[in-house]
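The values are calculated or read from the model by the stated rules, or taken from the named source; none is laboratory data. Predicted model only: the values in this text are computed from it and were never measured. Here Cβ is always computed from backbone atoms with ideal geometry, including for glycine, and neighbour counts include all displayed protein chains. We work out accessible area using only protein heavy atoms, side chains counted, and drop any ligands, DNA or RNA first. Shrake-Rupley method; radii C 1.70, N 1.55, O 1.52, S 1.80 Å.
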Amino acid sequence: MRHSLLFRGPLALAALATASLSHADTQAYFFEEMGEVMGVSDNGNYVAISDEDNLIGYIWHADNPTEIENITISNKEEGLPSGQTITGVSVMDLTNDGMAVGSVYYKDGKQKAAYYLDGEWKYLPLHPNVMNNTQAIAVTPDGKTIAGYQFISAPDSEIKGRYYPCQWTKNAEGGYDMNVYTSNDYLSNQGYWPMTQNVEGTIIGGMLYTDVGGSVPALIKEGELITFNEFETRNEPFEYKGEVLGWYETYYVDNYREGQYGDDWFVGAFDNCDADGHFYGMRTVATDVNADGSEGTLTNVACIYDMNTDQFIDDDKISLYTAGLGTDVLFTGSASVVLNGENKKLPAAFGFSTTRSLAGVAKISIDGKVLGAIWQEPNPATGEYTYYPFVIVLDQPLAAVNEIIAGDDRCFIIVADGRIEVAGEAEAEVYTLDGHLAGQGKSVEVAPGIYAVKAGRTSRTVVVK
């Protein structure tokens, strides 16, 4: 049974029920298999679902929307010692052509980062000092870069290991090369927990554990740790009747002494990232902190970090943004969506109705047309919730994107109403059919018509409505 909702990092096919619809073209597909939505492919063709209590993985396919495919394995792998039985899998994210990433679990509790391709789970390379816990958590739409973590032996850690972020990049032979980012100062015994990745695969978003046990949102950009808080360790005296009996370490975040009252630590993480570089999640903001850090106010807020402006946008009336599109479409952790500043409950916002209790939208396609969501049901005996997946397919994309075209060199072309954009390392050169340059850059505004687009090594003819 699920005890905590995994909007953030941590059965056979049953009967399906589809919600009654009050809007002609919006479809909501509810499933009775336990599990939570972990990822949606950027093009919206696939949804990753994991039941992490029972170690069962599923994939939803847009061309067969009323069922979900169970891709779990449970057998003995050849060459493994006795007792190394595979007990299940997790599915965390998907490429635009349906390759899944996640991990394979063993009976002894260990898990290995892996990807699922052509009906087979394949392992990703691991650090030589890896211990018992590794997972792939996100993948670029073209499958060239996978992000995840590895729990690796660390002599300076009190628990003898630490979570380190890593990426696997596709090589010329079709396999993956490993990059583990162990050289950064990760502050604590726990380290860094990745939770999302931008579409280019250059930035990982997640949470950095603080020394006391809290967390703050942080990024890994091209292997380097980027933080947004100030951290300090101080040696302070332990006094009794005016006499110093010893010294002990205290930990400060933004000059506030974290954990001094037992539960007043920072809470924060980045859960999702859109194609324009907005990271969504939550964070703790410290205000009115006195000089020695012993007094102050901690406020938990939903946040957006815009990597283009290096600015945060916070909302203290909402606890968490789970996903979004810019600042106009923001999904919350309370089964609602903020549309152009107005907070609406999910069924009413998107024109469907249901008698189920909804938990919220966890992941979305890059254009906001396919929403991977979660519904919940309380256990009569304990009152705790069990969580189940459902998928919403809107009648129109929220981002007004008409087409997403994969590229050949870490880029893809987004065709929207009135503009052509490139997500990735290249810029677009947009030409009219008579050969005139209509515009150049990451985003080009054009009149409706047919255009030739060149981005890096990718050339396409597109239709702009």
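Cα-Cα over 32 Å: which of Lys107/Lys369; Lys170/Lys442; Lys110/Lys170; Lys122/Lys221; Lys221/Lys317?
From Lys107/Lys369; Lys170/Lys442; Lys110/Lys170; Lys122/Lys221; Lys221/Lys317, over 32 Å: Lys107/Lys369.
For Asn340 and Thr432, FRET efficiency with R0 = 35 Å and r from the beta-carbon atoms, rounded to 0.05?
Efficiency, rounded to the nearest 0.05: 0.55.
Search the structure for amide H atoms under 5 Å from the amide H of Phe352, placed 1.01 Å from N in the peptide plane, and list their residues when 5 or more places away or on another chain.
Ser22
Ranked by accessible surface with a 1.4 Å probe, highest first, in what order do His278, His127 come?
Greatest to least solvent exposure: His127, His278.
Show that you can apply the helix-only estimate: for the chain, add -39,500 (n - 2.57) for every DSSP H stretch of four or more residues, divide by all residues, and state [θ] at 222 nm to the nearest 500.
0 deg cm²/dmol
Please give the contour-minus-distance gain from Arg419 to Ser357: 0.36 nm per residue of separation, less the Cα-Cα distance, rounded to one decimal in nm.
This chain segment gains 18.5 nm when fully extended.
Contact order normalised by length for the range 136-216, with contacts defined as Cα pairs under 8 Å and 6 or more residues apart; what percent is it?
Computed value for the range 136-216: 26 percent relative contact order.
Calculated FRET efficiency, Glu230 and Ile159, Cβ-Cβ r, R0 25 Å, to nearest 0.05?
0.50
How many percent of the accessible area of the chain is carbon or sulfur, using a 1.4 Å probe?
Its accessible area is 46 percent carbon and sulfur atoms.
Using amide H atoms built in the peptide plane, which far-off residues or other-chain residues are under 5 Å from Met131 H to H?
Amide H to amide H, under 5 Å and 5 or more residues apart or across chains, Met131 pairs with Phe151, Ile152, Ser153.
So how do Asp42, Asp316 rank on accessible area, 1.4 Å probe, biggest first, that is with the largest at the start?
Asp316, Asp42
Kindly write out, for the range 167-181 in residue order, the coupling ³J(HN,Hα) from the Karplus curve 6.51 cos²θ - 1.76 cosθ + 1.60 (θ = phi - 60°), rounded to whole Hz, with x marking Gly and Pro.
9, 10, 10, 5, 9, 5, 7, x, x, 10, 9, 9, 10, 10, 9
Residue by residue, what Karplus-based ³J(HN,Hα) values in Hz, rounded to whole numbers, does the range 183-199 have, using 6.51, -1.76 and 1.60 with θ = phi - 60° and x for Gly and Pro?
8, 6, 7, 9, 6, 10, 5, 6, x, 10, 10, x, 9, 7, 8, 6, 5
Rounded to the nearest 10 Å², what accessible area does Tyr209 have for a 1.4 Å probe in the complete protein model?
40
Could you list which residues have their amide H under 5 Å from that of Gly44, counting only those 5 or more apart in sequence or on another chain, with H placed in the peptide plane?
The list, which skips near neighbours in sequence, is Ile366.
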